[in-house]
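J.: Take this structure first; my questions come after.
The values are calculated or read from the model by the stated rules, or taken from the named source; none is laboratory data. Small disclaimer: the values here were computed from a predicted structure and weren't measured. Every residue, glycine as well, gets a Cβ built from its backbone with ideal geometry; the counts of neighbours run over all protein chains shown.
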Amino acid sequence: MQITITVNGSAFTGEVEPRLLLIHFLRDQLGLTGSHWGCDTSNCGACVVWLDETPVKSCTVLTAMTDGRRVLTVEGMERDGRLDPVQEGFARCHGLQCGFCTPGMMLTARWLLDHNPDPSPEEIREALSGQVCRCTGYENIVRSVRWAAQQQGGDGRGGHRLAPGEAQ
Amino acid sequence: MTAAPERNGAYGPMRRKEDARFVRGRGTFVDDIQLPGMLHGAILRSPMAHARIVAVDTTAAEAHPRVEAVITGQALTELGLAWMPTISRDAQSVLATDKVRFQGQEVAFVVAHDRYSARDALELIQVEYEALPVVADAQRALEAGAPVIRDDLPGKASNHIFDWEAGDKTATDAVFAAADVVVGQDMLYPRSHPAPLETCGIVADADPVSGRLTLWSTSQAPHAHRTVYALVVGLPEHKIRVVSPDIGGGFGNKAPIYPGYICAIVGSMKTGRPVKWVEDRSENLMSTAFARDYHMHGEIAATADGKVLGLRARVLADHGAFNATAQPTKFPAGFFHIFTGSYDLRAAHCEVTAVYTNKAPGGVAYSCSFRITEAVYLVERMMDILARELGMDPAELRMKNLLRPEQFPYTCPTGWQYDSGDYPRALAMAMDIAGYDELRREQAAKRERGEYMGIGISFFTEGVGAGPRAHMDILGLGMADGASLRVHPTGTAVLGVSCQTQGQGHETTFAQIVAGELGISPDDVEVVHGDTDRTPFGLGTYGSRSTPVSGAATAMAARKVRERARIVASAMLEVSPDDLEWADGKWRVRGDPEKATGIAEIAMAAHSSLELPAGVEGHLDSEAVYNPPNLTFPFGAYICVTDVDPGTGQVTVRRFIAVDDCGVQINPMIVEGQVHRGLADGVGMALMQVIAFDADGNCLGGSFMDYLLPTSVECPSWELGETVTPSPHHPIGAKGIGESATVGSPPAIVNSVMDALAPFGVRHADMPLTPANVWSAIQGRRLRTDLAVT
């Protein structure tokens, strides 16, 4: 079937199999390999991307469902050569080790800070509780998100949330 | 070489070099690799745990328009590849020919144009099975009349694999006979799975023209894998290149060679095109290297006033359908016999019997330090059980029996020589951070109110960095590691190491080691790893051996560079090499320290037309191989505070205090991260995780919906402390840290929960302490957690 979706600001129009999972479309067809495939069952969150304004687990989203919608992946977080404060926080606070869960964690963290600019450690843990990291024991992920929140001066808008109607 | 570490300016917290790519989503994991013309493989797996294969019909699959090849056990037999050797020198089926022996075993391999078509074609393969009786319970594997799983082995009439023992039985019996107090306990360290977030996979590219075989694979040991591939596949070793790109966590799961790798190689050879095979999560959990599955009986002997005298253990080890555990050859039960732990006792003896069952093969994984997890769990549970028997505080009992600093180097009753330690200091620090006495007062007050909190302690001694090659080899390969160091004319360096990072930050830590030895910036050192064409031979990364072995090789290679540089510097400064001393990162003239030259200037001179004295040919490059004289012995004291809801059995880890000592720390930020990881492992193992089976051998832990991993809400904010007791025999005084917390944390959590449940008379319950399990224990019922979790 034919779809048109906008990924990281670039439009894609083409044929996809109706059963094609979004994670495989992003990775295998668009070559955006920053999002990872970890569990098949929506438990691990290594595949989290934004669909329009919301983090979703792309291993359980059909590409066909994204027709006419916008997707943001880790490759779209850096803007004009500047890292999102969340990316910067993860690097500064040792919020990652193997790097496999990191893109999904960062995208959820970005969403959290957009909605709660000054989250407590408990709120950060709650927001990330649908995702799994096998390396960090989570402590440094919490520190990373806190660092990003502080860096943004608590306004939560240091990132680049796609505003409705933003130029593609 | 000096053993005493000096203060080293290059050491300290430093942002990781590898993170620049990871935070941008630009890592390169195996599944990210796309080659022109690449095909995709998928494995058909057995739905049954034990069955004879009557017929395999691949006709329909082969007719699928997008399928290029279908490979069966029969086809592999013709190539001599239907079976492969395991690390324990058993044979493992690549694709089943005669029987299937565990649920999820590999039966056929499809090569297709894309991953979905490959999966479609699996559905078209018809396999006729004849069901056989199943051995799912290790405790019944040796019963008379038990079905024989390995009837492929000539003369095999039972499921027995080996008996092994260590220690002095006679002396131990004598100590027990004379002791005031003897207590025993059965305990299970249940089967768990390392579950790295990236599953295992490979891209195999066999070039029919050059005869080269290039393998991008999730390997913790690329050099050892290359040798094994050469032996298994029969290709000359110089024609094989193994590349481990970025690895999404390993924890021992990526140490073995799996049937899927061999199938992908055969698929590539057969089609002449690259073949990618990446397993899904269920395949990972159901078929690849599991951990533990040790059924243990411990006994401890002591005087009435709490002096521990002796320890005994009998273990029934469930190795699954093929003996594929990974450990040095001489030690079929790994390093379990370090089970006397951190205590000064007179005698110890352990016996291990291993059996086959209709379960997946493996056994040594999940950061277990070659079975030291099981050993530490046993002794630390026994110490708590003894404390309760004696009516002593468990901290007091440990303090009374810990090895004292003056006893090091200490030879334990089973022969290990611990290199260095100050144990009472670490325990005192943990108790101080925890506010131990105040916690006990809080606990007493809460018990009055019918609230149940527990305080659990564990003290562990690890043995990591295998190992002395006279005693330790894997498949005949001595456990040494190499490092090569190239120094460019401008003084920047490229280090090649044989170990392989899976997230541990080697690109940063090893650059810091070189920088510290050569007086240059870590930014000027590029670390190459995970490519057998570009790095020297070595056994790889598992058992916390990277810093103890490869880190040592790195320091030795850098010191060779430094010694060459000294000769060049002597020509530059026109003095004798003996008149030079290394200080503050430069060679300096003794008595005239301002007259000095550093590595960058020396490197340029070494490449220049400067006439060089005897002993140096030009350039500063060097290679080193490090043969560890001994293991390194990190240690730690952990305290866990839990709250238990007696109505639901729910356990909450409220606090976790961890004091670790891994000798000299190169990058404390990375060390801290390693500890955090292992503590989370402990929460998972103690409270959530088990790969259980039903009576038919169905795996009950085959997805993350059933095999539970700790998330951010189950983990507390870790409270860390550290002491630094350098290893006297390691070139930079470092010890391993990668597995300490995984080894040390589960007994602290279980001890804490058992402490909370003491008012109910509960002395022991097996992991995982799920709400159902804890609730049952409170009701006086003990669950077998390995057969089914109810």
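J.: State which residue is farthest from B:ASP523 (Cα to Cα) when the search covers only segment B:467-490 and only residues that are among the β-branched types (Val, Ile, Thr) and surrounded by 16 or more Cβ atoms within 10 Å (Cβ to Cβ).
T.: Looking at the filtered set, the residue picked out is B:ILE474.
J.: Moving to a separate point now. A:SER58 versus (1) over 11 Å from the mean Cα position of the chain (by Cα); (2) under 20 Å from B:GLY201 (Cβ atoms); (3) more than 11 Å from chain B (Cβ to nearest Cβ); (4) of a type in the set (S, T, N, Q): which is the lone unmet condition?
T.: (1)
J.: How about segment B:375-391: which of its residues are over 17 Å from B:SER752 (Cβ atoms) and surrounded by fewer than 22 Cβ atoms within 10 Å (Cβ to Cβ)?
T.: Of everything in segment B:375-391, those that are over 17 Å from B:SER752 (Cβ atoms) and surrounded by fewer than 22 Cβ atoms within 10 Å (Cβ to Cβ) turn out to be B:GLU389, B:LEU390, B:GLY391.
J.: What is the one condition in (1) of a type in the set (Ser, Thr, Tyr); (2) more than 24 Å from A:GLN131 (Cβ to Cβ); (3) in a loop (DSSP other than H, G, I, E, B) that B:THR711 does not satisfy?
T.: Checking B:THR711 against (1) of a type in the set (Ser, Thr, Tyr); (2) more than 24 Å from A:GLN131 (Cβ to Cβ); (3) in a loop (DSSP other than H, G, I, E, B), the one that fails is (2).
J.: While we're looking at this one, here's another question. So, of the residues in segment A:66-83 that are out of contact with any Leu (no Cβ under 8 Å at 6 or more places or on another chain) and within 19 Å of A:VAL16 (Cβ to Cβ), which turns out to be nearest to the other protein chains (Cβ to nearest Cβ)?
T.: A:ASP67
J.: Take B:LEU709 and tell me if it is out of contact with any strand residue (DSSP E or B) (no Cβ under 9 Å at 6 or more places or on another chain) and hydrophobic (A, V, I, L, M, F, W, C).
T.: Yes: the conditions hold for B:LEU709.
J.: Just give me the residues in segment A:68-93 being part of a strand (DSSP E or B) and modelled with pLDDT under 95, in sequence order.
T.: Answer for segment A:68-93, where residues must be part of a strand (DSSP E or B) and modelled with pLDDT under 95: just A:ARG79.
J.: Additional query: If we scan segment B:75-83, do we find a residue that is touching a helix residue (DSSP H, G or I) at 6+ places or on another chain (Cβ under 6 Å), surrounded by fewer than 23 Cβ atoms within 10 Å (Cβ to Cβ) and of a type in the set (Gly, Ala, Ser)?
T.: The answer is yes; a qualifying residue exists.
J.: Which of the residues spanning segment B:629-664 are away from every other protein chain (no Cβ under 14 Å) and surrounded by fewer than 24 Cβ atoms within 10 Å (Cβ to Cβ)?
T.: Correct list: B:PRO629, B:ASN630, B:ASP643, B:ASP645, B:PRO646, B:GLY647, B:THR648, B:GLY649, B:GLN650, B:VAL664.
J.: Does segment B:307-333 hold any residues that are touching a helix residue (DSSP H, G or I) at 6+ places or on another chain (Cβ under 6 Å) and surrounded by fewer than 21 Cβ atoms within 10 Å (Cβ to Cβ), and which are they?
T.: B:LEU316
Every residue, every condition in (1) touching a helix residue (DSSP H, G or I) at 6+ places or on another chain (Cβ under 9 Å); (2) over 30 Å from B:SER546 (Cα atoms); (3) not hydrophobic (A, V, I, L, M, F, W, C), yes or no:
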| residue | (1), (2), (3) |
| --- | --- |
| B:ALA583 | no, no, no |
| B:TRP587 | yes, no, no |
| B:LEU610 | yes, yes, no |
| B:ALA624 | yes, no, no |
| B:PRO629 | no, no, yes |
| B:PHE656 | yes, no, no |
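J.: Kindly indicate whether any position in segment B:131-145 is free of Cβ contacts under 8 Å to residues at least 60 places away in the same chain, of a type in the set (A, V, I, L, M) and buried (at least 19 other Cβ atoms within 10 Å of the Cβ).
T.: No, every residue in segment B:131-145 fails to be free of Cβ contacts under 8 Å to residues at least 60 places away in the same chain, of a type in the set (A, V, I, L, M) and buried (at least 19 other Cβ atoms within 10 Å of the Cβ).
J.: Now for a different question. How about segment A:24-33: which of its residues are facing chain B (nearest Cβ under 9 Å) and either in contact with a Ser or Thr (Cβ under 6 Å, 6 or more places away or on another chain) or on the phi > 0 side of the Ramachandran plot (or both)?
T.: A:ARG27, A:GLY31, A:LEU32
J.: Which condition number in (1) over 19 Å from the mean Cα position of the chain (by Cα); (2) assigned to a helix (DSSP H, G or I); (3) closer than 21 Å to B:LYS276 by Cβ is the one that B:ALA177 fails?
T.: For B:ALA177, the exception is condition (3).
Yes or no, residue by residue, for (1) buried (at least 17 other Cβ atoms within 10 Å of the Cβ); (2) in contact with a helix residue (DSSP H, G or I) (Cβ under 6 Å, 6 or more places away or on another chain); (3) not assigned by TED's automatic domain parsing to the domain that holds A:GLN131:
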site	(1), (2), (3)
A:ASN43	yes, no, yes
A:VAL48	yes, yes, yes
A:LEU51	yes, no, yes
A:LYS57	yes, no, yes
A:VAL61	yes, yes, yes
A:MET65	no, no, yes
A:GLY68	no, no, yes
A:VAL71	yes, no, yes
A:ASP80	no, no, yes
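J.: Restricting to segment B:187-218, name every residue that is over 29 Å from B:ALA136 (Cβ atoms), more than 14 Å from chain A (Cβ to nearest Cβ) and in contact (Cβ under 8 Å) with a residue 60 or more places away in the chain.
T.: Those that are over 29 Å from B:ALA136 (Cβ atoms), more than 14 Å from chain A (Cβ to nearest Cβ) and in contact (Cβ under 8 Å) with a residue 60 or more places away in the chain: B:ILE202, B:ALA204, B:ASP205, B:ALA206, B:PRO208, B:SER217.
J.: Okay, next question. Please count how many residues of segment B:701-760 are away from every other protein chain (no Cβ under 14 Å), aromatic (Phe, Trp, Tyr) and buried (at least 21 other Cβ atoms within 10 Å of the Cβ).
T.: 0
J.: Inspect segment A:126-136 for any residue being surrounded by fewer than 22 Cβ atoms within 10 Å (Cβ to Cβ), acidic (Asp, Glu), assigned to a helix (DSSP H, G or I) and facing chain B (nearest Cβ under 9 Å) and give the result as yes or no.
T.: yes
J.: Using the structure shown, decide if B:ASN323 is within 25 Å of B:LEU153 (Cβ to Cβ) and over 22 Å from the mean Cα position of the chain (by Cα).
T.: Considered against the rule, which asks whether it is within 25 Å of B:LEU153 (Cβ to Cβ) and over 22 Å from the mean Cα position of the chain (by Cα), B:ASN323 comes out as no.
J.: Are any of the residues in segment B:666-679 more than 14 Å from chain A (Cβ to nearest Cβ) and either surrounded by fewer than 24 Cβ atoms within 10 Å (Cβ to Cβ) or within 16 Å of B:VAL750 (Cα to Cα) (or both)?
T.: Taking every residue of segment B:666-679 in turn, none turns out to be more than 14 Å from chain A (Cβ to nearest Cβ) and either surrounded by fewer than 24 Cβ atoms within 10 Å (Cβ to Cβ) or within 16 Å of B:VAL750 (Cα to Cα) (or both).
J.: Assuming B:HIS297 fulfils every condition listed in (1) within 30 Å of B:THR353 (Cα to Cα); (2) surrounded by 24 or more Cβ atoms within 10 Å (Cβ to Cβ); (3) more than 14 Å from chain A (Cβ to nearest Cβ) apart from one, which condition is it?
T.: In the conditions (1) within 30 Å of B:THR353 (Cα to Cα); (2) surrounded by 24 or more Cβ atoms within 10 Å (Cβ to Cβ); (3) more than 14 Å from chain A (Cβ to nearest Cβ), B:HIS297 misses (2) alone.
J.: Return yes or no: is A:VAL86 within 24 Å of B:ARG677 (Cα to Cα), at the interface with chain B (Cβ under 8 Å from one of its Cβ atoms), touching a Ser or Thr at 6+ places or on another chain (Cβ under 9 Å) and crowded, with 24+ Cβ neighbours inside 10 Å?
T.: Considered against the rule, which asks whether it is within 24 Å of B:ARG677 (Cα to Cα), at the interface with chain B (Cβ under 8 Å from one of its Cβ atoms), touching a Ser or Thr at 6+ places or on another chain (Cβ under 9 Å) and crowded, with 24+ Cβ neighbours inside 10 Å, A:VAL86 comes out as no.
J.: Please determine, by comparing only the residues of segment A:94-125 that are in a loop (DSSP other than H, G, I, E, B) and more than 9 Å from every other protein chain (Cβ to nearest Cβ), which one is surrounded by the most Cβ atoms within 10 Å (Cβ to Cβ).
T.: A:PRO119
J.: Here are the criteria: (1) within 11 Å of another protein chain (Cβ to nearest Cβ); (2) more than 15 Å from the chain's Cα centre (by Cα); (3) over 20 Å from A:VAL142 (Cα atoms). Tell me which single one A:THR4 does not satisfy.
T.: (1)
J.: On the given criteria, is B:VAL94 among the aliphatic types (A, V, I, L, M), modelled with pLDDT of 95 or more and farther than 30 Å from B:PHE331 by Cα?
T.: Spelling it out, it is not the case that B:VAL94 is among the aliphatic types (A, V, I, L, M), modelled with pLDDT of 95 or more and farther than 30 Å from B:PHE331 by Cα.
J.: Output the residues belonging to segment B:406-425 that are within 23 Å of B:GLY721 (Cβ to Cβ) and in contact with a Gly (Cβ under 6 Å, 6 or more places away or on another chain).
T.: B:PHE408
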